[in-house]
Amino acid sequence: MKELSDKTLFTFVQNHDERAFAVLLERYSTRVYDLVYKRTRNDDDTKDILQDIFISFWNNREKITIEDSLYPYLHRSAKYAVIDLAIKNQRVTAYHTLLAKQEEPFCHPAETSMIAGELKQHYEQEVARMPATMQQIFRLSRDQHLSTKEIAAILQLSEQTVRNNISLALKKLRVSLKSEQLILLLPLSLYISSTLAIN
């Protein structure tokens, strides 16, 4: 099975063949690890990202399309995963910066967690209020890291329609969230802007 092409192996993977998945994992894990590590310079973060990429690949195998090689998909997934890690780190920094500006010199970790939870809940509520198509496009882009082309193919829409909906979704978030919340969500806007630029 090791001599089979990516496309043939991927066909087996879509039919739930774990052996084919293991071959692709062996074929690309080192290459993807090196790609991610060059950007994170952290072994633990890189291993976590690598695991998440291949778990996502397996879970979304029925939605993914590849031409000849699996590498472009893995490369894009790695790039978005690194961006997400940067967003997470920036968000933590933003929380500390915002809390440092408050009058209270000390904030208990539980309070920080509560603030994060409230912000996440508010964000989810705003996304849930979006029109069905916009919400679906936004979540496919944000949660599953699908490209504009992939989303357009899945939903049978034009790529421009997908781009327009992502832009409108971001505008709605900017309008609805308070200024201090927007500061904490700034990394998200940077992420979405980068995805639009990439696609």
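May I ask you to sort Val127, Val32 by Cβ crowding, counting other Cβ atoms within 10 Å and putting the fewest first?
Lowest to highest Cβ neighbour count: Val127, Val32.
Run the quick spin-label model on Tyr71 and Asp17: label points 7 Å from Cα toward the beta carbon, then report their separation in nm to one decimal.
Once both label points are built, they end up 2.2 nm from each other.
Quick one: of Lys7/Lys47; Lys2/Lys88; Lys38/Lys172; Lys7/Lys171; Lys88/Lys171; Lys47/Lys171, which pairs are farther than 28 Å apart, Cα to Cα?
Lys2/Lys88; Lys38/Lys172; Lys7/Lys171; Lys47/Lys171
What are the ³J(HN,Hα) couplings of the stretch 13-19, residue after residue, when phi is run through the Karplus curve with 6.51, -1.76, 1.60 and θ = phi - 60°? Round to Hz, x for glycine and proline.
Going residue by residue, I get 4, 5, 9, 6, 8, 6, 5 Hz, with x marking Gly and Pro.
Laboratory data are not the source of any read-out in this text; all were calculated from the coordinates shown. The model shown is predicted, which means the values in this text are computed figures rather than measured ones. Every residue, glycine among them, receives a Cβ derived from its backbone with ideal geometry; neighbour counts consider all protein chains shown.
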